[in-house]
Amino acid sequence: MRPDPRDPRLALLTFAAASLILAVFAPRLKTTQVGYDLLAIIDITGSMNVRDYKIAGKPASRLDEVRSELRDAISSLPCPSKVALGIFTERRPFLLFEPIDVCHEFSPLAAAIDALDWRMAWEGDSRISAGLFRSIDMARELKSDLLFFTDGHEAPPLPAKGGPIFEGRPGEVRGLIVGVGGHELSPIPKYDDRGREVGFFGADDVPHESRFGLPPEGAEQRAGYNARNAPFGAEAAIGVEHLSSVREDYLRDLAGKTGLAFAQLDNRGVLDAYLAAATPRQRLAELDPRPFLGVTATLFLSLSTAWSSLVEYVARKRRNGKAQSAVNRRTP
């Protein structure tokens, strides 16, 4: 039997065959797209273990939240974009790997983010400003924007004269400082030498004041003050450095000094804030039409099968109707 050229199934099967042939032989198309180059630096110091977030309804640490939000943000970056990953502790960042293509290498990138842990820290101090300034230098060398995650908790506290001076040019490196943590003071988990949680830091476990450099104004009013032997007074400082909250004002001040933007880490994510502060980069990209052609062929085949089922259903209904009519005519 010759196929009926008026049968829609013939046209659908023809289109499906053409799509499959094109899917096999179609070349990749050259195009220009907007991408981003990103260096993500994550604070892994002790205060990032504070559990003032929730993930799936369960308490989660600040570091847990950063891992989740960063992975989601990177997965939504346009292709082609490149991401480098690093960690921060003490006063310097450490680069884990240089920028890699986020679209072709997302699996190892996501695995590296999931593996970030506070136990990777080589020192317990947290010099936020110094680490940020060095992260900016690193981003400049990599020709990338910077995404710096931290709660802003300096440990030990900065001296009375303040932190280090930013010697770079504000705005030379674009990017975003992400403030991590709640605004209410929360206890900081404490761990033993084997990494087991043994409680929380107490007021006697941490310094509440830096006694390097010149004393603060009004130090002469303190008990036991001696300009030569006890310029900070004779009594230990008492404060709340054993508790932690996001130091938003401090981080906004650092953002203003460096020319970076600032955003608070919350349920809205950080991708939009980063894209608003980042540098769009035009670059060549390849567009592979084969997945689209394969889906198109599948769609035509599905429509052809559905049409056949519909034709059979209509024919069966007609046959049943004719049979019922014949029965009715023979019935007296």
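Does region 210-265 hold any residues that are in contact with a helix residue (DSSP H, G or I) (Cβ under 7 Å, 6 or more places away or on another chain) and on the phi > 0 side of the Ramachandran plot, and which are they?
GLY233, the sole residue that qualifies.
Do we find a residue being open to solvent by 70 Å² or more (accessible area, probe 1.4 Å), within 21 Å of GLY131 (Cβ to Cβ) and not in a loop (DSSP other than H, G, I, E, B) anywhere in region 240-251? It would help to see each step written out before you state the result.
If we filter region 240-251 for residues that are open to solvent by 70 Å² or more (accessible area, probe 1.4 Å), which is where we start, we get 240, 249.
Cutting the leftovers down to within 21 Å of GLY131 (Cβ to Cβ) gives us 249.
Applying the additional criterion that residues be not in a loop (DSSP other than H, G, I, E, B) yields 249.
Yes.
May I ask you to verify whether ALA203 is over 38 Å from the mean Cα position of the chain (by Cα), over 23 Å from ALA60 (Cβ atoms), open to solvent by less than 70 Å² (accessible area, probe 1.4 Å) and not acidic (Asp, Glu)?
Considered against the rule, which asks whether it is over 38 Å from the mean Cα position of the chain (by Cα), over 23 Å from ALA60 (Cβ atoms), open to solvent by less than 70 Å² (accessible area, probe 1.4 Å) and not acidic (Asp, Glu), ALA203 comes out as no.
Scan region 222-242 for residues that are in contact with a strand residue (DSSP E or B) (Cβ under 6 Å, 6 or more places away or on another chain) and either at pLDDT 95 or above or of a type in the set (A, V, I, L, M) (or both) and report the count.
The qualifying residues number 0.
Given the residues ALA234, ALA203, which is the only one that is touching a Lys or Arg at 6+ places or on another chain (Cβ under 9 Å) and of a type in the set (A, V, I, L, M)?
ALA234
Does region 252-269 contain any residue that is in a loop (DSSP other than H, G, I, E, B), of a type in the set (Lys, Arg) and either at pLDDT 80 or above or open to solvent by 70 Å² or more (accessible area, probe 1.4 Å) (or both)?
Taking every residue of region 252-269 in turn, at least one turns out to be in a loop (DSSP other than H, G, I, E, B), of a type in the set (Lys, Arg) and either at pLDDT 80 or above or open to solvent by 70 Å² or more (accessible area, probe 1.4 Å) (or both).
Here are the criteria: (1) in contact with a helix residue (DSSP H, G or I) (Cβ under 7 Å, 6 or more places away or on another chain); (2) surrounded by 11 or more Cβ atoms within 10 Å (Cβ to Cβ); (3) part of a loop (DSSP other than H, G, I, E, B); (4) of a type outside the set (Phe, Trp, Tyr). Tell me which single one LEU132 does not satisfy.
Condition not satisfied by LEU132: (3).
Condition test on VAL180, is it open to solvent by less than 20 Å² (accessible area, probe 1.4 Å) and not small (Gly, Ala, Ser)?
Considered against the rule, which asks whether it is open to solvent by less than 20 Å² (accessible area, probe 1.4 Å) and not small (Gly, Ala, Ser), VAL180 comes out as yes.
Across region 215-239, what is the number of residues that are assigned to a loop (DSSP other than H, G, I, E, B), more than 25 Å from ASP205 (Cα to Cα) and not hydrophobic (A, V, I, L, M, F, W, C)?
Qualifying residue count, region 215-239: 3.
Looking at (1) within 30 Å of VAL270 (Cβ to Cβ); (2) part of a loop (DSSP other than H, G, I, E, B), can you tell me which one GLU209 breaks?
That leaves (1) as the condition not met.
Report yes if some residue within region 167-176 is open to solvent by less than 80 Å² (accessible area, probe 1.4 Å), closer than 26 Å to HIS242 by Cα and small (Gly, Ala, Ser); otherwise report no.
Scanning region 167-176, I find no residue that is open to solvent by less than 80 Å² (accessible area, probe 1.4 Å), closer than 26 Å to HIS242 by Cα and small (Gly, Ala, Ser), so the answer is no.
Under 7 Å between Cβ atoms, which residue pairs at least 6 apart in sequence (or on different chains) link something in region 93-121 that is open to solvent by 40 Å² or more (accessible area, probe 1.4 Å) with a partner that is acidic (Asp, Glu)?
Close Cβ pairs (under 7 Å, with a partner that is acidic (Asp, Glu)) amount to PRO99/ASP37.
Might you let me know whether region 54-76 holds any residue that is among the hydrophobic types (A, V, I, L, M, F, W, C), open to solvent by less than 50 Å² (accessible area, probe 1.4 Å) and either touching a Pro at 6+ places or on another chain (Cβ under 8 Å) or in a loop (DSSP other than H, G, I, E, B) (or both)?
Applying the first criterion (among the hydrophobic types (A, V, I, L, M, F, W, C)) to region 54-76 yields 55-56, 60, 63, 66, 70, 73-74.
With the extra rule that they be open to solvent by less than 50 Å² (accessible area, probe 1.4 Å), the set shrinks to 60, 63, 66, 70, 73-74.
Those left that are additionally either touching a Pro at 6+ places or on another chain (Cβ under 8 Å) or in a loop (DSSP other than H, G, I, E, B) (or both): none.
The answer is no; no qualifying residue exists.
Only residues in region 231-242 that are free of Cβ contacts under 8 Å to residues at least 40 places away in the same chain and closer than 15 Å to LEU214 by Cβ count as the first member; pair them with residues that are among the acidic types (Asp, Glu) and assigned to a loop (DSSP other than H, G, I, E, B), Cβ under 6 angstrom, at least 6 apart or cross-chain, and list the lot.
none
The values are calculated or read from the model by the stated rules, or taken from the named source; none is laboratory data. Note that this is a predicted model, so its numbers are computed, not measured. In this analysis, Cβ positions are derived from the backbone assuming ideal geometry, glycine residues included, and neighbour counts consider all displayed protein chains. With ligands, DNA and RNA removed, areas are computed over all heavy atoms of the protein, side chains included. Shrake-Rupley method; radii C 1.70, N 1.55, O 1.52, S 1.80 Å.
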